[in-house]
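The next block holds one structure in the form of structure tokens; read it before the comments.
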Amino acid sequence: MDLTGQNVAETSVEEYWTKHNVTLHQRFADAASSLEYLHWRNGQYYGYAQLMPTNVEDNLSILDFGCGPGHDLVGFGVMSKPRRLVGVDVSASSLSEAEARLALHKIPAELVRIDIEQNSLPFEDGAFDIVHTSGVLHHMAAPEKALREFRRILKPGGRARIMVYNRDSIWFHLYVPFVLQIEQGQFEGLSPEDAFRRSTDGPDCPISRAYSKESFQSLVEPFGFKLVEYGSAVAAWEMMQLPKRHAAVLNQRTPRENREFLTALHFDEFGLPVSNGHRAGVDGCYLFEAI
């Protein structure tokens, strides 16, 4: 959640994501503490490590788009043997933190500061086997430009693994409309989409969208991709909200769309919520193939 697009009146996206990043600017004393943090954070999202893996085949060229302070770069460097590992981000401070963290693990990686809204990615056509981007495109003013560039720099048959926020989730249908707006009285009068934006990465986050599977697939595929796999990771925070599901359904102020979503939920063998055949978690994880 560290790379985005346009300037906005209140706070530019670049400024916002320079002040905020996924580790809250935490510094690590050694490689062991860095690795423990990686496992701890990934473990907060049930299924994330399987849906957005950093343990991939050896000898691949990998781009982490919106790498922030190097969280997934550490994963690739520790769990895989990439031929080339590159991280790009809009934030100079996050890239500096990534450089320090990678040095703890002695992971060789290229780090590049970019402005995707103004410039193309500084890589040759077909330079990468994998583009990995987690929690980034939903913060961009124009994700289409990034998607076009992903296809250009990927080899035919290359993979784009993308995590964006999932509309069909406990976060969108229970936490935001019932817990925040009804129980806590926050974000009164805001649309579901704007209330969601303010609930995820701080109330002043300039852009934060949630996509259904169908809407995100229809956004990505015209740029030369085919959807191969989809799933969502359920946040532990979402599981903490689930006991309020029935209270939300009983409350007449809960919008009908949310009530119907919550009523139709069922649960898999791990006790995780499922909607329309997929886990109802906030992290929607996609694997696309470049065609």
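Kindly provide the set of residues from the stretch 65-89 that are more than 18 Å from Gly126 (Cβ to Cβ) and either in contact with a His (Cβ under 8 Å, 6 or more places away or on another chain) or small (Gly, Ala, Ser) (or both), ordered by number.
Gly66, Gly68, Pro69, Gly70, Asp72, Val74, Gly75, Phe76, Gly77, Val78, Ser80, Gly87
Return the residues of the stretch 114-155 that are in a strand (DSSP E or B) and surrounded by fewer than 16 Cβ atoms within 10 Å (Cβ to Cβ); say none if nothing qualifies. Give the steps one after another, and end with the answer.
So the first thing to find is which residues in the stretch 114-155 are in a strand (DSSP E or B), and the list is 128-134, 154-155.
Scanning the stretch 114-155 gives a single hit, Lys155.
In the stretch 17-42, how many residues are touching a residue at least 60 places away in the same chain (Cβ under 8 Å) and on the phi < 0 side of the Ramachandran plot?
Step one: list which residues in the stretch 17-42 are touching a residue at least 60 places away in the same chain (Cβ under 8 Å), which gives 17-18, 20-23, 25, 27-28, 30-31, 34-35.
Right, trim to on the phi < 0 side of the Ramachandran plot and you get 17-18, 20-23, 27-28, 30-31, 34-35.
The total comes to 12.
So, in the stretch 50-81, of the ones that are among the β-branched types (Val, Ile, Thr) and not in a loop (DSSP other than H, G, I, E, B), which residue ends up farthest from Ala109 (Cα to Cα)? Outline the logic, then answer.
Taking the stretch 50-81 as the starting set, the residues that turn out to be among the β-branched types (Val, Ile, Thr) are 54, 56, 62, 74, 78.
Within this subset, residues satisfying the condition of being not in a loop (DSSP other than H, G, I, E, B) are 62, 74, 78.
Numbers: Ile62: 10, Val74: 10, Val78: 12 Å.
By that ranking, first place goes to Val78.
Scan the stretch 156-199 for residues that are part of a loop (DSSP other than H, G, I, E, B) and not hydroxyl-bearing (Ser, Thr, Tyr) and jot them down.
Within the stretch 156-199, Arg167, Asp168, Gln184, Gly185, Gln186, Phe187, Glu188, Gly189, Leu190 qualify.
Being within 24 Å of Leu147 (Cα to Cα), at pLDDT below 75 and polar (S, T, N, Q) is the filter here, so list the residues in the stretch 1-26 that pass it.
Thr4, Gln6, Asn7, Ser12 - these are the residues of the stretch 1-26 that are within 24 Å of Leu147 (Cα to Cα), at pLDDT below 75 and polar (S, T, N, Q).
Can you name every residue in the stretch 164-197 that is small (Gly, Ala, Ser) and free of Cβ contacts under 8 Å to residues at least 60 places away in the same chain? Please lay out each step first, then the result.
Going residue by residue through the stretch 164-197, those that are small (Gly, Ala, Ser) are 169, 185, 189, 191, 195.
Across the stretch 164-197, the qualifying residues are Gly185, Gly189, Ser191, Ala195.
The values are calculated or read from the model by the stated rules, or taken from the named source; none is laboratory data. In this text, all values refer to a predicted model and were calculated from it rather than measured experimentally. Glycine also receives a Cβ, built like all others from the backbone with ideal geometry; neighbour counts cover every protein chain displayed.
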